[in-house]
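Only one structure is covered here, and it is reproduced in the block below.
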Amino acid sequence: MNLVIVESPTKAKTIRKFLNVKNYTIIASMGHVRDLPSSQDEVPAAFKKTTAGQLGVDVENDFKPIYIINKDKTKIVSEIKKLLKDASALYLATDDDREGESISWHLLDILKPKIPVYRMVFHEITKNAIETALSNPRNLNENLVHAQEARRILDRLVGYGVSPVLWKKISFGLSAGRVQSPSLKAIVDRERLRLMFRTGNYWDVSARLIQDSGSFNAKLIMTQGKKIASGKDFDEQTGSIKADGKNILLLNEVSAKKIADEAIRSEWKVTDLTKKEIHRKAPPPFTTSTLQQEGNRKLNLSSRDTMRAAQSLYEKGFITYMRTDSVTLSEEAIKGIRDMVTNRYGAEYITDAPKQFTNKENAQEAHEAIRPSLTFTPPQDTGLMGNERDVYELIWMRAIASQMRDAKQLQQTVTLEVATHLFNASGTKIVFPGFLRAYVEGADDIEQALEEKENVLPEIELNDTPKCQSAEPNEHETKPPSRFTEASLVQFMEKEGIGRPSTYAATISTLLDRNYVHKQGNALVPSFTAFAVTQLLESNMTDLVDVGFTKTMEEKLDQIADGKESWIPYLRHFYFGDHGLRQRIDESLNMIDPERAKIISLPTLQGYVIKVGKFGPYVETHLPITGALVKGSLPPELAPSDVTKEKIDEILKEASKGPTTLGEDPESGLLIYLRTGSYGPYLQLGEDSEDPKIKPKRVSIPKNIPLDILNHEKAVAVLALPRTLGIHPESGKNIKAGLGRFGPYIVHDGDFRSLKEGDDILTIQLTRALELLAIPKGTRGGRGMGGKIIGNHPTDNKPITVHDGKYGAYVKHGNLNASLPKDIKPEDVTIEKAIQLLEERADKKPAKKRSKKAA
């Protein structure tokens, strides 16, 4: 038997279709099986309370990593070891990149096999690719392993070294990262530009013209020989026309209305007409970066969701490997695409010669671009659904289009004169669709879909005199620099050379998970904490937010992967070298003033101080008459560039009023206050104490209680939480309902369950609590959440519940499940019918085999 190890069950399932199961056993390692310790609990006893134990890396011993088998992987490692005993050969079939090479190396180091070992690589999961990989195995690439190990150690040294500086100087729980920090600085820098931005106002005129049977729009471009001002003519920091805009006219409302009136009354004439045929070239097939960008722009998917869909498509055999920065295609793939284009659209759509795109510098050319597997199945014939269907369609269209002819379009520009004003109109018409034909694949009406990509002007000639149907003056405001989206941030990271294709999505996810940024629509908005962290690193560890420095690190890792650089000397120089990381960390701990580090520098806001505190950002100022210090929490969703004096004054005004009183608590006699903190409104029982060790009871207000209906009765009920619902019929122990960090819950003997939509923490009863407790843990959303109690079993008085499962409805009693017949709806099942079904299922259930030991 030959043992084949891959990363995921889906990948294993697909490969089983192509290999003889009698000769090959395929098992999934479930990703990495070994890593650096993630907490002190995981650090081996020999390294406890040592620098090596704190970092997970022994920096004094040639940066030797302290590897541990992940707790959730011990079972799978044992299973692999067991299978290995009966194997005649071991095939390591992890992904063909640094990450995959590292997984194979760790498996090899743990298993220490005494049988032949082969490294099996492929870039798509098809029968031909798997058979070719089996016939042409290679050895493990130590250089790739060292590059990945160096990357992991660098990330650990930066993360575990710098993050504690942020904890001590700003706030606990913050983090820094080798790629994360320069990416965050780019987002913060863009917000700073928005802070300095000053709005400019301008007017223009648009007209609707009729020519024969058609109509078109025209826009004012000149009047009395002067160009009309547009957004690009303004200085972003002054809101005025740029100094070099001498021949530019800034219209106001009065002059724009006057021109519009003249345009309606006067005769129009075509004074210039140009027609030009332009060629649009098809873009190259996707790389990881461009796929993430298009997924965000076209499908509104996050980078993480795009990559999750692509990973699944690869493992199911639909596309080639999805982590690549190469745009090249194999000769076999090019031939397959060209054959499909010829058969599907006609020979006139295919280029004269095969088209091959050129990679950027440092592209990992071992992989092809992302493309469909060699069958090139059209999206509508795959049976895929949801995100996977959408992402596959993007990949299919892009790959097919890459071998098609240019699209030819006729670009038409018309200049029209009316009184002393010049207007402009433009349009495009598709002469030959070329590669655009692939982009309307699956449309019900192909011609209609192509026409929607046009903007055609009616037939018009020089000296024609179209009629003006309407003319409107329009007011505009200049827009501040756009915030980064996930697509533009990925584009920035790729352009600057920071991170690799496999790290883009993870970096963005970290920024979101750490609350350094949040989303407004598609835009990534930095928090005040992001500003504080970036300020500290800019002032004290400049290299860590410098894209040039990070790019150099990536280049060094590439050189290690190519065998041109030794990894240990590089790590030694980075950490121990002149002005190395350790020295800068030590200096920062001594030099940085925590109080100054918490202050956010906003040059546009004078007289106020914004700080990052333990519970989030807040603003403080001294009142002008009394000099008293007043503070107010800033809403988490407030963006730094949206802060104005008016908003700050409103926040401080509310804060200075003090908390709203809802009356006395009948049990304690203390006043109940409604207050607002960084995370929203909450209730407080009694006054704040001068003793910091004594804290009044505070409870968040449940989301299902709007503030406008929050009265004394409801406030008392919320403060009384947790409340006892009753006794569990089996254990005799209390079931309670309460409010926790993750919202309302019920708990029985340490078993916590979140309330579902429609459940009310103040009114939930014992029966509903028992239903929730009967639902097996881990069944999140959708199916499997039914769990409705239909009665108790007469033999043990334990509840019988009905569920909606993956394969249909079923009833459950203890560990015994019984499917419902198709003619019985879950809501119609009776306790008698449920007992009958469970008894029939118990009769069919085979008895458990006795173990050899028991025998």
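The values are calculated or read from the model by the stated rules, or taken from the named source; none is laboratory data. The structure displayed is predicted, hence computed values, not measured ones. Backbone-built Cβ (ideal geometry, glycine too); neighbour counts: all protein chains shown. Accessible surface areas use protein heavy atoms only, side chains included; no ligands, DNA or RNA. Shrake-Rupley method; radii C 1.70, N 1.55, O 1.52, S 1.80 Å.
For the stretch 325-409, the average shadow cast by the Cα convex hull is 6.8 nm², which is a quarter of the hull's surface. Remark: the stretch 121-242 carries 42 Å² of accessible area per residue (probe radius 1.4 Å; ligands, DNA and RNA excluded). Take residue 199: with every protein chain present and a 1.4 Å probe, its accessible area is about 70 Å². Residue 833 contributes an accessible area of around 60 Å² to the protein surface, as traced by a 1.4 Å probe with all chains present. Measuring nothing but protein heavy atoms, the accessible surface of the stretch 75-157 at 1.4 Å probe radius is 50 percent carbon and sulfur. Can you tell me how much longer the chain between residue 472 and residue 671 gets when fully stretched, taken as 0.36 nm per residue apart minus their C-alpha distance, in nm with one decimal? Full extension of this stretch gives 65.6 nm more. Note on residue 520/residue 254: beta-carbon distance plugged into 1/(1 + (r/R0)^6) with R0 of 25 Å gives a FRET efficiency of 0.10.
Full-extension gain between residue 645 and residue 45, please, as 0.36 nm times their residue separation minus the C-alpha to C-alpha distance. Please report the intermediate quantities before stating the final value.
Values: separation 600, 0.36 × 600 = 216.00 nm, distance 5.56 nm.
Contour length minus Cα-Cα distance gives 210.4 nm.
Rolling a 1.4 angstrom probe over the protein heavy atoms with all chains in place gives the stretch 685-772 an accessible area of 63 Å² per residue.
Per-residue surface analysis assigns residue 222 an accessible area of about 60 Å², computed on protein heavy atoms at 1.4 Å probe radius. Straight-line reach from residue 85: taking Cα to Cα under 17 Å and skipping same-chain neighbours fewer than 8 places apart, the aspartates and glutamates in range are 109. For the set 519/631; 22/81; 49/556; 81/316, the pairs lying more than 24 angstrom apart at their alpha carbons are 519/631; 49/556; 81/316.
Think of the stretch 623-702 as a dipole: +1 on every Lys or Arg Cβ, -1 on every Asp or Glu Cβ, centred on the Cα centre; then among 625, 662, 683, 625 lies furthest on the positive end.
What a 1.4 Å probe finds exposed on the stretch 523-648 is 53% carbon and sulfur by accessible area, rounded to a whole percent.
Round to a whole number: what % of the accessible area of the stretch 716-757 belongs to carbon and sulfur, probe 1.4 Å? Within the stretch 716-757, the accessible surface is 50 percent carbon and sulfur. Between the labelled values (1) 101, 32, 20; (2) 51, 43, 35; (3) 43, 38, 26, the entry that holds semi-axes √(5λ) of the Cα gyration tensor in Å as derived from this structure is (2). The chymotrypsin sites (Phe, Trp or Tyr not before Pro) of the stretch 78-186 that meet both conditions, a loop assignment by DSSP and at most 13 other Cβ atoms within 10 Å of the site Cβ, are 172. What the stretch 278-346 shows is 39 Å² of accessible area per residue, with the surface traced by a 1.4 Å probe over protein heavy atoms. Hydrophobic long helices, here whole DSSP H runs in the chain with Kyte-Doolittle means of at least -1.0 and Cα atoms spread over 27 Å or more along the helix axis, are found at 142-169.
With 0.36 nm allotted per residue and the present C-alpha distance subtracted, the residue 691-residue 817 stretch has 39.7 nm of extension available.
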